[in-house]
Amino acid sequence: MEPISRAKVSRRTFLEGAAALGAGVTSSLALAKKVRRFKVCVLGASGTVGNGILRELLDGGHQVIAVSRSLGKLARIRTQYGNKNLGTLVGDVASDESGAVLRDALIAQFGRPDGAVAALSSPAVDRPIRVLGSSTDLVRQTFDANFYPHVVAAKALIPGLGPGAVYLGINGGLPDLVIPGMANLTMTQSALRSLYLAIEQEARESKVMVRLLGIFGLVATSEHPAKDTDHYISDRDVGRRATDILLEPGQFPSPILAIKARAFTS
C-alpha cells in the first residue's frame with residue numbers, strides 16, 4: 001500500500017485515508033486475537049462425536065491430545081489425520097486412580113491444556129430395557145458406562161486446567177424424553193445434566209468454565225450418512241458447535257447447551 005502523503009491530497013481525503021489505515025490496524029489486531037491456538041484434550045476421541053470434535057479443532061489449527069483406552073484406535077486416529085498438531089495418550093477414567101494417572105501423564109507430556117472435552121458414552125448399553133422388568137445390576141451398568149466416567153473425568157481434569165479454561169461434556173438428547181424401552185438412557189442423561197450444573201458451580205472457584213452440550217438427534221458421518229434431514233445432525237456440525245464453545249465460552253453463558261436436529265427444534 002502506497003504511503004499517505006499530506007502534500008498530495010486534500011485534508012479530508014488525508015483524514016479519511018488515515019482513519020481507514022487505523023481501522024485496518026485495529027482489524028488486524030482483532031484477527032490476531034481470534035487466531036489464537038488452543039491446546040485441547042479430547043476424551044473419547046475415537047468415538048463418533050469425539051472424532052468429529054477432534055477433526056474440527058485440527059482443521060482450525062489447534063493442538064489436540066486424543067485420549068482413548070485403546071492403543072489400536074489411537075493408531076488409527078494418527079493414520080487418519082497425520083497432523084503435527086495431534087498428540088495421543090492412552091488412558092481411561094474407569095476409577096479415581098486411573099483418572100489421576102491420566103491427568104498427570106497429560107500434563108507431563110503436553111503441558112496444561114486450555115480446554116478438555118469429555119465425549120464419554122458406550123453404545124454397548126444403548127439396548128432397550130424395561131426398568132421394572134430388569135435387574136438393578138442391569139440398570140446400574142448404564143450408569144457405570146455413561147455417568148460415572150464423567151464424574152471421574154471431571155474430578156481428574158478440572159483441577160489440571162488453568163483459569164479461563166473450558167471443560168466441555170457431551171450429553172444425549174433424552175434427559176426430558178422417555179422413549180419406551182430406553183428409560184435407562186433418560187435416567188443417566190438427566191443425572192448428567194444435574195452433575196454438570198453442580199460442577200459448574202464448584203469450578204467457579206478455580207475460574208474454569210464448565211459446559212454440557214446435549215445432542216438432540218442422531219449423528220451422521222461420512223461413513224454412516226443421514227437417512228433423513230429431520231432427525232440427524234452431522235458430526236461436523238457437532239464439532240463446529242463444540243469448537244465454538246471451547247474458543248468463545250462467553251458467547252455461551254449457560255452451563256447447559258444444546259444442538260438440535262430439525263425434528264427437535266419445534
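Read-outs: derived from the displayed coordinates by stated rules, not from any lab. Because the structure is predicted, anything quoted here is derived from the model rather than measured. Positions of Cβ are generated from backbone atoms using ideal geometry, with glycine treated the same way; all protein chains shown enter the neighbour counts.
Odds and ends about this structure:
- Taking other C-beta atoms within 10 angstrom as a stand-in for reagent exposure, Met209, Met182 fall in the order Met182, Met209, fewest first.
- Segment 38-264 pair-distance distribution - Cα-Cα, 5 Å bins, rounded %: 1, 7, 15, 19, 21, 17, 12, 5, 2, 0, 0
- Across segment 216-266, Cα pairs under 8 Å and at least six residues apart give a relative contact order of 46 percent.
- Highest-MSF residue in the chain out of Ser121, Ser222, Ser194 [GNM, Cα springs under 10 Å]: Ser222
- Based on C-alpha pairs under 8 angstrom that are at least 6 apart in sequence, the chain has a relative contact order of 17 percent.
- 3J(HN,Hα) along segment 108-120: 5, 8, 10, x, 6, x, 7, x, 9, 10, 10, 9, 10 Hz, from the Karplus curve 6.51 cos²θ - 1.76 cosθ + 1.60 with θ = phi - 60°, whole Hz, x for Gly and Pro.
- Taking amide H as placed 1.01 Å from N in the peptide plane, Gly87 has its amide H under 5 Å from the amide H of Val64, Ile65, Ala66, each at least 5 places away in sequence or on another chain.
- Gain in span if fully extended, Asn85 to Ala100, counting 0.36 nm per residue against the direct Cα distance: 3.0 nm
- Integer Hz, Karplus 6.51/-1.76/1.60 couplings in order for segment 142-152, x for Gly and Pro: 5, 5, 4, 8, 10, 10, 5, x, 5, 4, 4
- For Ala258, the amide hydrogen comes within under 5 Å of the amide hydrogens of Gly214, counting only partners 5 or more places away or on other chains and with H modelled in the peptide plane.
- Built amide H within the under 5 Å cut-off of Ser234, gap 5+: Ala220
- Ascending count of other beta-carbon atoms within 10 Å, so fewest first, for His224, His62: His224, His62
- Residue order for His231, His150, fewest other beta carbons within 10 angstrom first, comes to His231, His150.
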